Amino acid sequence: MKLFLDTANLTDLETAKGWGILEGVTTNPSLAAREGLEFSELVKLITDLVPGPVSAEVTDETVEGMVGQGKELAAIADNVVVKVPMTREGVSAGARLVDAGIPINVTLVFSAAQAILAARIGATFVSPFLGRVDDIGNDGLGLLRQIVEIYAVQGYDTEVLSASLRHPQHVVESARIGADIATMPFGVMNRLFNHPLTDIGMAGFASDWEAYQQALAEKRS
Ligand code: E4P
């Protein structure tokens, strides 16, 4: 399972890239709005920084408008993936973008039925929003399990991008279920590193090493 960051923040992207684990980026209009740059400029900066797929979302609500925006976004860089919403218009626009050779990510997916539609139009990625499903008292991981099972049974090529992840356990369970990608906020990726026994182990090694060096220094003097 690949690890993507769900952010448009360049500082966070640079940090995660430095960790050597960043394989792609997802953005959405709400995340882009926080950065205060022209959207096309922001997408260009992100695609220059991260070589993997960078999802950039259309905002028009008409088929023609989404197709036009999608083509403009795709022209920014080779690694742009156009995000279209799971609406009738979004699916229609997505199908046309796929026909034009532009990779798409179908977003705002909350049911297995919607995920089937995304696969049938040849989406590169389908994005079920696990956290938002949990937020309304339903089972986000259960939804992911259904989609992964259906895609395997049907042999669909669309990759399942587990999205709206709120904590490291969402990431771990997404991997167990068989998601192709997990996209997460910077805070969640940062917490994947954490374990108290690692901290205790590091402190123990550091103090033992220091004592060892002191003992050697005393022996030499
Ligand atoms: C995915 O591509 C979306 O941008 C994202 O995961 C939404 O997450 P949220 O529910 O935390 O806004």
Distance in nm between pseudo-label sites at Glu41 and Trp19 (7 Å out along the Cβ direction from Cα): 2.9
Average Cα contact separation per residue, the chain, under 8 Å, 6 or more apart, as relative contact order %: 16
Low-density loop positions, trypsin sites (Lys or Arg not before Pro), segment 24-132 - DSSP coil, at most 12 other Cβ in 10 Å: Arg34
Whole-angstrom gap from segment 169-201 to segment 1-80, using each part's C-alpha centre: 22
Cβ-based net charge around Tyr151, under 13 Å, with every Lys or Arg adding one and every Asp or Glu removing one: -2
Sorted by Cβ neighbour density within 10 Å, fewest at the top, the residues Arg176, Arg220: Arg220, Arg176
Residues Tyr212, Tyr156, sorted so that the one with the fewest Cβ neighbours within 10 Å comes first: Tyr212, Tyr156
Leu192 versus Ala206: modelled label distance in nm, points set 7 Å from Cα along the beta carbon direction: 2.5
Computed [θ] at 222 nm, helices only, for the chain once each DSSP H run of length n ≥ 4 contributes -39500 (n - 2.57): -16500 deg cm²/dmol
Long-range HN-HN contacts of Met184 with modeled amide H, under 5 Å: Phe4, Leu5, Asp6
Order of Met1, Met86 under a 10 Å beta carbon neighbour criterion, fewest first: Met1, Met86
The chain: DSSP helices with Cα axial extent of at least 20 Å and average Kyte-Doolittle hydropathy no lower than -0.5: 140-154, 196-220
Unit charges on C-beta of K, R, D, E only; dipole of the chain, Debye: 360
19 Å Cα-Cα reach of Lys17 towards lysines, excluding residues that sit fewer than 8 places from it in its own chain: Lys2, Lys44
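Where a number appears in this text, it was derived from the coordinates with a stated rule and is not lab data. These numbers were taken from a predicted model, which means no experiment stands behind them. Using ideal geometry, Cβ is built from the backbone for each residue, glycine included, and neighbour counts are taken over all protein chains shown.
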